[in-house]
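The values are calculated or read from the model by the stated rules, or taken from the named source; none is laboratory data. What you are looking at is a predicted structure, and each value in this text was computed from that prediction instead of being measured. Backbone-built Cβ (ideal geometry, glycine too); neighbour counts: all protein chains shown.
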C-alpha cells in the first residue's frame, strides 16, 4: 500500500510541479499561492517519492520518503497559520504570505500521507512479530 501511495503521490507532485512551471504564477490556482520555489520543491519531492515507490530499495527508504513528505506537508500547513509565511514573503523566499487555502490544502494532503506512513509501519511491526512467532 505504501509503495503504491508513493508512486501515485510522486507522479502527482511531479505533474503539479510541471504544471506550475508551465502556467506560471498567475493561474486558476492562485488561491493556493503557488510560486516557482514551491514548484521546484514539488518536482524534487515528487522525484524522491516516485523513485522510492518504483524501485526496490527496501521498506526503510520508502518509509522515510513517505514519512518525510507527510511531515513536510504538515509543517507547511502549520507555517501558513504563523508569521513564518510573512517572514518568507519579506525575505524573498515567496512573493506573498501563504493563505488559508494553501495551508488547508497541505493539511489535506499531509494527514492521509501521515496515516499511510503510520499504518505501513504498524503493519511491518505486526508482520515482524508474526514471523518471529512462527519461526519459534
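Of the set (1) within 15 Å of residue 35 (Cα to Cα); (2) at pLDDT 85 or above; (3) surrounded by fewer than 18 Cβ atoms within 10 Å (Cβ to Cβ), all apply to residue 99 but (2). Looking only at residues of the range 25-73 that are over 22 Å from residue 104 (Cα atoms) and in a loop (DSSP other than H, G, I, E, B), we find that the one that is modelled with the highest pLDDT is 55.
The set of residues from the range 42-72 being closer than 19 Å to residue 112 by Cβ, over 9 Å from the mean Cα position of the chain (by Cα) and without any contact (Cβ under 8 Å) to a residue 24 or more places away in the chain comprises just one member, 64.
Scanning the range 1-24 for residues that are under 26 Å from residue 91 (Cβ atoms), at pLDDT 90 or above and surrounded by fewer than 19 Cβ atoms within 10 Å (Cβ to Cβ) returns no hits.
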